[in-house]
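A quick write-up on the structure given underneath.
Just so it is clear, none of the values below were taken in a lab; they were calculated from the coordinates. All values reported here derive from a predicted model rather than from experimental measurement. Cβ coordinates were reconstructed from backbone atoms using ideal geometry, including for glycine residues, and neighbour counts include every protein chain displayed.
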Amino acid sequence: MNHLAHAFLAPDSPEARVGSILGDFTRGVDFATLPGPVLQGLRHHLAVDVFTDQHPEVLASKQLFSKERRRFAGVALDILYDHYLLRHWRRFAQCRRDAFVQQIYCELRAREHLMPPNMVTVTRRMVEYDWFGAYEDFENIGYALDRVASRIRFANQFAGIIEEIRENDEQLEARFLQFFPELLNFASEKAASLSEQP
């Protein structure tokens, strides 16, 4: 799961949503210093990732990629799933999509004091360039994935993976629509169990 999906699935508080995105920026973070709701969001993020990585529909989706690019399929699916969530927003959400995105941006701006410096840098870019809004456009998913590829420090064939996604879009989308309702149920149950923990 990528940032938008993690925020969407997170326990329902601004701090937990920040914690859910913090899950991608944990290097050097002392978990013991985090406020309870932020730690709750972080733990939720980790549980969602484990559930996602082991799900049969996700594993089957990875097999649709060529052998040369399959090692990056998880990264590609994370970002692609934000696109599919936006594409099918009305199926999964009670609130307006644009309102939710703006709410997340406001929460991130107001809670930078809860973030490590590298997360502050990324979330400021996220807000300034409206990453979540951009993910609605299929072509922007390709640009985002190519940016990820450019940051990999070893020779790879990740760049251009959007072409394989385009070729398999129908199957990838169908598998997402099988998988995501199960993830929603899991995320809801996990949020409830975390709220009961001290």
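Some notes on this structure:
- Dimensions (Å) - the chain, Cα atoms, principal axes, largest first: 45, 34, 30
- What separates the Cα centres of region 109-123 and region 35-61 is a distance of 21 Å.
- Fewest-first ranking of 67, 190, 62, using other Cβ atoms within 10 Å as the exposure measure: 67, 62, 190
- In this Cβ point-charge picture (+1 for Lys and Arg, -1 for Asp and Glu), the chain has a dipole of about 340 debye about its Cα centre.
- Rounded to whole numbers, the Karplus 3J(HN,Hα) couplings from phi for region 109-116 are 4, 7, 10, 4, 5, 8, 10, x Hz, using 6.51 cos²θ - 1.76 cosθ + 1.60 with θ = phi - 60°, and x at Gly and Pro.
- Derived scalar couplings between HN and Hα for region 176-187 equal 4, 5, 7, 7, 5, x, 5, 5, 4, 4, 4, 4 Hz in order, rounded to whole Hz, by the Karplus curve 6.51 cos²θ - 1.76 cosθ + 1.60 (θ = phi - 60°), x for Gly and Pro.
- Entry note, the chain: relative contact order of 30 percent, from Cα contacts under 8 Å with a spacing of 6+ residues.
- With N counted as the residues of region 5-67, its alpha-carbon radius of gyration over 2.2 N^0.38 Å works out to 1.31.
- When the Cα positions of 118, 5, 129 are compared along the charge dipole of the chain, 118 comes out farthest toward the positive end, with charges on each C-beta of Lys, Arg, Asp and Glu.
- Gyration tensor (Cα) of region 39-129, equivalent ellipsoid semi-axes in angstrom: 27, 18, 14
- Here the extension length gained between residue 60 and residue 168 equals 37.7 nm, from 0.36 nm per residue of separation less the Cα-Cα distance.
- Cα gyration tensor category, rounded, prolate or oblate, for region 104-148 with a/c compared to 1.5: oblate
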